[in-house]
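Each remark here refers to the structure printed beneath this line.
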Amino acid sequence: MYFCHLTIGTLNMITRNKIKDLLADRNFGKQVTVMGWVRTFRNNRFVALSDGSCIQTIQVVLDYENLPDILLKRITTGACISANGTLVESVGKGQSVEINAENIDIIGDSDPEKFPLQPKKHSLEFLREIAHLRFRTNTFNAVFKIRHALAFAVHSFFNERGFVYMHTPIVTASDAEGAGEMFKVTTIDFDNIPRTDDGEVDFRDDFFGKAANLTVSGQLEAELGAMALGEVYTFGPTFRAENSNTTRHLAEFWMIEPEVAFADLEDNMNLAEALLKYVIKYALNNCPEELQFLKSRLLEEEKNKPLAERSELDLLEKLEFCLNNEFERLTYTEAIDILKASKPNQKKQFKYIIEGWGADLQSEHERFLVEKHFKKPVILTDYPKEIKSFYMRQNEDGKTVRAMDILFPGIGEIIGGSQREERLDYLTKRMEEMNIPQEELYWYIDLRKFGTAPHAGFGLGFERLVLFVTGMTNIRDVIPFPRFPKNAEF
RNA sequence: UCCUUCUUAGCUCAGUUGGUUAGAGCACAUGACUGUUAAUCAUGGGGUCCCUGGUUCGAGCCCAGGAGAAGGAGCCA
């Protein structure tokens with residue numbers, strides 16, 4: 001039995017029963033109090049009430065003949081009410097328990113002419129426009145509970161393994177990470193921009209005394225932590241000012257970046273695979289009802305699609321499959337060989353035909369490998385150094401680096417990582433070649449001067465993980481308040 | 001940023017070859033009914049046809065420009 005105490009206005013310490021508990025309760029005849037939001041009000045008698053504790057509503061039965069009309073009129077879709085009465089076995093068919101209400105109070109009215117949610121299916125696009133109210137729908141209730149469970153599981157996974165949760169900065173002054181366009185952070189008066197003699201913006205009197213940006217990655221700082229604490233991870237917001245308009249990009253998203261000392265690429269892959277399996281298992285164990293709901297929702301949605309476009313596995317089968325199979329590991333070079341020999345490449349069905357080694361893989365190629373060829377998550381390693389970042393450890397062949405990308409069906413790249421270049425001369429030479437300003441990153445280079453060691457890490461896009469586990473298809477639907485080009489509402 | 005499609009009532013959508021007063025279902029309001037399950041039945045209100053300009057006797061429909069959305073691509077997580 002759980003009680004929740006809360007304060008509303010001048011009332012103190014109201015005790016309420018959670019609907020989730022009552023639905024499992026068989027102590028018929030006991031007095032209960034529920035508080036929640038009206039989903040539907042049928043027949044002047046039956047209120048379907050939700051309090052967010054679970055997806056199901058509880059049926060509150062009113063003795064409408066003995067209730068004032070003026071009160072009944074205020075029981076409208078979206079209104080917040082409290083009801084107390086007796087928990088009874090339901091005589092109706094759709095539910096096992098219900099509440100025979102003796103008292104009804106309106107906590108918050110909801111104008112039925114204006115309340116946008118109806119007791120029917122809404123499009124995800126419409127709900128996105130009312131993101132402040134979409135939490136009240138079953139779908140988003142399930143999505144955000146799974147999101148919470150996954151976040152909790154991430155911390156739990158790393159904590160169990162002795163990792164230190166490290167808070168890397170949100171504001172950074174280095175524009176050298178090369179992970180994408182950055183948002184500027186400044187207190188400069190835009191109506192009076194200070195200029196240097198050669199016409200550049202003069203940041204010397206700006207808040208930080210130099211140009212500052214929102215972080216695009218905590219990796220470089222996390223490496224500093226790993227090289228002292230051993231194992232660290234970050235889990236925080238990340239910002240990319242790219243003009244990306246896709247179902248898998250956000251301008252503000254959450255990223256998990258572990259960094260491990262004395263680890264090579266093999267250890268890195270093992271850690272990544274273990275993390276993904278751990279958090280998926282956690283969601284399966286802790287959110288069975290939410291996943292079941294989303295599974296049914298997906299099946300319902302796919303009914304409208306042609307057979308060929310429907311997925312072979314339902315949501316739960318997909319997650320189980322992911323847990324029970326080793327991820328396929330292969331090198332970039334092996335992947336190119338497979339792609340070169342593949343049907344769509346031979347028949348020129350790819351938009352970008354693979355001619356030979358060195359080509360950057362397009363998403364159609366990644367999708368072919370994951371969804372058609374191997375039909376399971378794939379880890380690609382040892383990419384050409386030209387298409388990867390300066391900090392990745394160079395292989396002896398002089399051509400490739402110890403990078404890894406984990407590709408998931410329907411999502412594409414969910415993890416990108418590498419063993420880091422720990423050798424000072426290799427690192428600085430590569431920075432030179434790629435025009436990375438060494439002065440700005442002196443602290444990163446210093447790490448290789450004072451007791452350097454092999455280390456590795458990766459970045460996991462949290463929303464992409466939530467996408468995969470919930471089976472949602474647009475990344476804007478798995479974060480409460482999505483930020484993307486032309487949209488920072490709420 | 002590029003490609004494709006789209007934008008009509010609160011929501012989902014129809015709207016013929018350019019032709020009179022722009023429709024449906026749901027929602028909402030009023031009434032009836034009252035153990036319903038997105039209750040049912042009857043009646044009713046509700047429109048900047050995304051914006052700007054153009055062609056035309058006449059534009060929701062055709063043309064140009066713009067904005068926004070969805071999907072795909074690039075960038076990436």
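The values are calculated or read from the model by the stated rules, or taken from the named source; none is laboratory data. Quick caveat: nothing in here was measured; it's all calculated off a predicted structure. Glycine also receives a Cβ, built like all others from the backbone with ideal geometry; neighbour counts cover every protein chain displayed. These accessible areas exclude ligands, DNA and RNA; they are computed on the full protein's heavy atoms, side chains included. Shrake-Rupley method; radii C 1.70, N 1.55, O 1.52, S 1.80 Å.
Among A:S96, A:S174, the sequence by solvent-accessible area, most first, with a 1.4 Å probe is A:S96, A:S174. Counting only alpha carbon atoms, the long axis of helix A:219-229 and the longest principal axis of chain A meet at about 90°.
I need the calculated FRET efficiency for the pair A:V201 and A:E439, taking r as the beta carbon distance and R₀ as 25 Å, to the nearest 0.05.
On the way: r = 19 Å, r/R0 = 0.77.
It comes to 0.85.
In chain A, the longest principal axis of the Cα atoms and the axis of helix A:288-302 are about 80 degrees apart. For the range A:197-279, the Kirkwood hydrodynamic radius from C-alpha pairs, put into Stokes-Einstein at 37 °C and a viscosity of 0.692 mPa s, yields a diffusion coefficient of 208 µm² per second.
Using θ = phi - 60° in the Karplus curve 6.51 cos²θ - 1.76 cosθ + 1.60, the 3J(HN,Hα) couplings for the range A:345-356 round to 7, 4, 8, 6, 8, 5, 5, 10, 6, 7, 8, x Hz; x is entered for Gly and Pro. Along the range A:106-112 the Karplus relation, 6.51 cos²θ - 1.76 cosθ + 1.60 evaluated at θ = phi - 60°, assigns HN-Hα couplings of 8, 8, x, 6, 9, 5, x Hz to successive residues, with x for each Gly and Pro. Computed from backbone phi with θ = phi - 60° and the Karplus coefficients 6.51, -1.76 and 1.60, the 3J(HN,Hα) list for the range A:308-320 is 5, 8, 6, 7, 6, 10, 7, 4, 5, 4, 4, 5, 4 Hz; x is used for glycine and proline. Subtracting the Cα-Cα distance of A:K305 and A:D425 from their residue separation scaled by 0.36 nm leaves 37.6 nm. Each principal axis of the Cα atoms in chain A has its own extent, and those three values, largest first, are 85, 60, 42 angstrom. Multiplying the residue separation of A:V164 and A:N487 by 0.36 nm and removing their Cα-Cα distance gives an extension gain of 112.8 nm.
Heavy-atom accessible area for A:F484, with the other protein chains in place and a 1.4 Å probe, reaches approximately 30 Å².
Assuming a ≥ b ≥ c are the square roots of the Cα gyration tensor eigenvalues, decide whether the range A:303-369 counts as rounded (a/c under 1.5), prolate (otherwise, with a/b larger than b/c) or oblate. It is oblate, given that a/c is not under 1.5 and a/b is not larger than b/c.
Think of each Lys and Arg Cβ as +1 and each Asp and Glu Cβ as -1; about the Cα centre, that makes the dipole of chain A roughly 1980 debye. When +1 charges are put on Lys and Arg Cβ atoms and -1 charges on Asp and Glu Cβ atoms, the dipole computed for the range A:235-289 relative to its Cα centre reaches about 280 debye. Would you list, by chain and number, the lysines whose Cα falls below 17 Å from the Cα of A:K305, excluding same-chain residues fewer than 8 positions away? Counting by Cα, and skipping residues close in sequence, A:K305 has these lysines nearby: A:K295. When nucleic acids and ligands are ignored and a 1.4 Å probe is applied, A:V260 ends up with an accessible area of around 20 Å². With 19 Å as the limit on Cα-Cα distance, the pairs of A:K318/A:K376; A:K343/A:K372; A:K388/A:K486 that go past it are A:K388/A:K486. Here the spin labels are modelled as points 7 Å beyond Cα on the Cα-Cβ line, and at A:D397 and A:T186 they lie 4.5 nm apart.
Using only Cα atoms, find the angle between the long axis of helix A:424-433 and the longest principal axis of chain A, and express it within 0 to 90 degrees, rounded to the nearest 10. Result, in degrees: 90. Each of A:K347 and A:N43 was given a label point 7 Å from its Cα along the Cα-to-Cβ line. The distance between the two points is 5.7 nm. Subtracting the Cα-Cα distance of A:F450 and A:A173 from 0.36 nm times their residue separation leaves 97.4 nm of extension gain.
In the range A:173-290, a dipole from Cβ-located charges (positive for Lys and Arg, negative for Asp and Glu) runs towards its positive end, and of A:M182, A:L229, A:N245 it is A:N245 whose Cα lies farthest in that direction. For the range A:108-240, the solvent-accessible area with a 1.4 angstrom probe is 54 square angstrom per residue.
In percent, rounded to a whole number, the relative contact order of chain A is 13, using alpha-carbon pairs under 8 Å and six or more apart.
Each part gets one Cα centre, and for the range A:209-225 versus the range A:425-490 those centres are 10 Å apart. Rounded to the nearest 500, the helix-only mean residue ellipticity at 222 nm of chain A stands at -8500 deg cm²/dmol, with each DSSP H run of n ≥ 4 adding -39,500 (n - 2.57).
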